[in-house]
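*Asks:* Supplied in structure tokens, the structure appears directly below.
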Amino acid sequence: MKSDQKSNAFFRKIRLLSIVLLLAPKTYPAQITEDGDIKFAFYSSAWSADSNDGMRLILFNSTNNELILNSITFLKEQQESEFVEVGINTKIPPLGYAEEEFEYIDLLQGNGCITRTLAENWKLVEVSNYTLNPSVRNLIIEDTESFRIYQCSEYVKTKWKNTNSNEEIESVEWVLFHFEIH
């Protein structure tokens, strides 16, 4: 039975990658990357409280050029789920930060790992395209039994424009849903 589950998971990943490649425009093919020009993190107080508070997006441009982040599309793993596109259209200065606020958007749908993790009383604290590590968030953890971090991953398609060259760039990269339990 475990072999069937592994096989099904493998074919789901292949199917998702095929869909991503089919959706990529022919003139600017999507590239699967691990280290993009733009680092980002979504936050929402709605994840820790039962509310529909908005979302906050923090962006960092790691290049020497001004960039405009057009959109981030969450490519959900379950076939019956729709992609979740977040239109952003925000300028990010060279080697600088930008911030946007949105009404709440459900980024948690269509991912079995997220559903299972939330059912186990973990708290979602951040969705980002970089690995969360306690030192990044200025946390000092002395007792690892009382504080744990868990992550679920998902692919996103990110579209942005370099304002100096007018080049439009599209990439497929992973994001991590960072959970904590205290």
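The values are calculated or read from the model by the stated rules, or taken from the named source; none is laboratory data. The structure presented is a predicted model; accordingly, all values stated were derived computationally and were not measured. Glycine gets a Cβ as well: all are built from the backbone with ideal geometry, and neighbour counts include every protein chain shown. Side chains are part of the model used for accessible areas, which takes the heavy atoms of the whole protein and leaves out ligands, DNA and RNA. Shrake-Rupley method; radii C 1.70, N 1.55, O 1.52, S 1.80 Å.
*Asks:* Six or more apart or on different chains, Cβ under 8 Å: which pairs go from a residue in the stretch 167-178 that's surrounded by fewer than 18 Cβ atoms within 10 Å (Cβ to Cβ) to one that's of a type in the set (D, E, K, R)? Could you list them?
*Replies:* Cβ pairs passing all conditions: GLU167/LYS161; GLU168/LYS159; GLU168/LYS161; TRP174/GLU34; TRP174/GLU154.
*Asks:* Could I ask something else about it? Give just the number: which of (1) part of a loop (DSSP other than H, G, I, E, B); (2) in contact with a strand residue (DSSP E or B) (Cβ under 8 Å, 6 or more places away or on another chain); (3) at pLDDT 85 or above does LEU132 not satisfy?
*Replies:* Among (1) part of a loop (DSSP other than H, G, I, E, B); (2) in contact with a strand residue (DSSP E or B) (Cβ under 8 Å, 6 or more places away or on another chain); (3) at pLDDT 85 or above, the lone unmet condition for LEU132 is (3).
*Asks:* Pairs, please: C-beta under 7 Å, at least 6 apart or cross-chain, first residue modelled with pLDDT of 75 or more and in the stretch 70-81, second buried (at least 16 other Cβ atoms within 10 Å of the Cβ) and among the basic types (Lys, Arg)?
*Replies:* As it stands, the answer is ASN70/LYS159; ASN70/LYS161; SER71/LYS159; THR73/LYS157; LEU75/LYS157, since those pairs meet every condition given.
*Asks:* Continuing with this model, one more query. Filter the stretch 98-108 down to the residues that are under 23 Å from GLN151 (Cβ atoms), without any contact (Cβ under 8 Å) to a residue 60 or more places away in the chain and open to solvent by 60 Å² or more (accessible area, probe 1.4 Å) and list them by number. I'd like the intermediate steps shown before the answer.
*Replies:* At the first step, the residues of the stretch 98-108 found to be under 23 Å from GLN151 (Cβ atoms) are 102, 104-108.
Filter again for without any contact (Cβ under 8 Å) to a residue 60 or more places away in the chain, leaving 102, 105-106.
Hit for the stretch 98-108 is ASP106, nothing else.
*Asks:* Further, regarding this structure: Go over the candidates ILE68, ILE72, ILE92, ILE88 one by one and state the one that is open to solvent by less than 20 Å² (accessible area, probe 1.4 Å) and either over 16 Å from the mean Cα position of the chain (by Cα) or among the polar types (S, T, N, Q) (or both).
*Replies:* ILE92 is the lone residue from the list that is open to solvent by less than 20 Å² (accessible area, probe 1.4 Å) and either over 16 Å from the mean Cα position of the chain (by Cα) or among the polar types (S, T, N, Q) (or both).
*Asks:* On to the next question. Residues of the stretch 109-131 being open to solvent by 30 Å² or more (accessible area, probe 1.4 Å) and not acidic (Asp, Glu), which ones?
*Replies:* In the first step, residues of the stretch 109-131 are kept if they are open to solvent by 30 Å² or more (accessible area, probe 1.4 Å); the result is 109, 115-116, 118-123, 130-131.
If the condition is that a residue be open to solvent by 30 Å² or more (accessible area, probe 1.4 Å) and not acidic (Asp, Glu), then GLN109, THR115, ARG116, LEU118, ALA119, ASN121, TRP122, LYS123, TYR130, THR131 are the ones that fit.
*Asks:* Can I ask one more? Tell me which residues, restricted to the stretch 89-133, are among the aliphatic types (A, V, I, L, M) and closer than 22 Å to LYS39 by Cα. Let's see the steps before the verdict.
*Replies:* Restricting attention to the stretch 89-133, the residues satisfying the condition of being among the aliphatic types (A, V, I, L, M) are 92, 95, 98, 105, 107-108, 114, 118-119, 124-125, 127, 132.
ILE92, LEU95, ALA98, ILE105, LEU107, LEU108, ILE114, LEU124, VAL125, VAL127, LEU132, listed by residue number.
*Asks:* Scanning the stretch 49-65 for residues that are more than 16 Å from the chain's Cα centre (by Cα) and of a type in the set (D, E, K, R), which turns out modelled with the highest pLDDT?
*Replies:* Top of the filtered list is ASP53.
*Asks:* Output the residue which, of all residues in the stretch 135-153 that are within 14 Å of PHE179 (Cα to Cα) and open to solvent by 80 Å² or more (accessible area, probe 1.4 Å), is modelled with the highest pLDDT.
*Replies:* My answer is TYR150.
*Asks:* Does VAL156 satisfy being modelled with pLDDT under 90, within 19 Å of ALA41 (Cα to Cα) and of a type in the set (Val, Ile, Thr)?
*Replies:* no
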